[in-house]
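Single-structure report; data block below.
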Amino acid sequence: MSALDDELDRAREKSQVRFRSAFEAIFTKYGQIDEDDDIIDLRTCELIVDNGRMRNAKPVELGDLTRPVDAPSSPRP
């Protein structure tokens, strides 16, 4: 194996560790079901159980989560 192959293997391993860590963080944050959550049928987009989470959620436009906090959001038509 060449030095380049060794470097590539190390880079792949680091990438896999970051990937696993990211998914573990997502599962930790969103993996528990809260009894107060709304339940939505993902096939029909029908709200099955309405506990008010969706109704009371602040609307978020595409890209708003990546925009700096002090930046204005895009105007709504």
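The values are calculated or read from the model by the stated rules, or taken from the named source; none is laboratory data. Everything numeric here is computed off the predicted structure, so don't read it as measured data. Please note: Cβ atoms are built from the backbone with ideal geometry, for glycine as well, and neighbour counts cover all protein chains shown. The area values use the complete protein model at the heavy-atom level, side chains included, leaving out ligands, DNA and RNA. Shrake-Rupley method; radii C 1.70, N 1.55, O 1.52, S 1.80 Å.
Structural remarks
- Cβ-Cβ distance of K58 and F19, R₀ of 25 Å, FRET efficiency by 1/(1 + (r/R0)^6): the value works out to about 0.25.
- Of L4, L62, L47, the residue with the largest accessible area leads and the full order is L62, L4, L47 (1.4 Å probe).
- Cα centre as origin, Lys/Arg/Asp/Glu Cβ charges: the chain dipole, Debye: 280
- Based on C-alpha pairs under 8 angstrom that are at least 6 apart in sequence, the chain has a relative contact order of 14 percent.
- Most to least accessible of R43, R53 (protein chains only, probe 1.4 Å): R43, R53
- T66 - accessible surface, heavy atoms, 1.4 Å probe, Å² rounded to 10: 120
- Net length gained if the chain between L8 and I33 were fully extended (0.36 nm per residue, minus Cα distance): 5.0 nm
- Accessible area expressed per residue, the range 1-62, with surrounding protein chains retained (probe 1.4 Å, Å²): 98
- To the nearest ten degrees, helix 3-30 and the longest principal axis of the Cα atoms of the chain are 20 degrees apart.
- Each helix, a run of at least 4 DSSP H residues, gives -39500 (n - 2.57); summed and divided by the residues of the chain, these come to -14000 deg cm²/dmol at 222 nm.
- For the chain, average projected area of the Cα convex hull in nm²: 10.0
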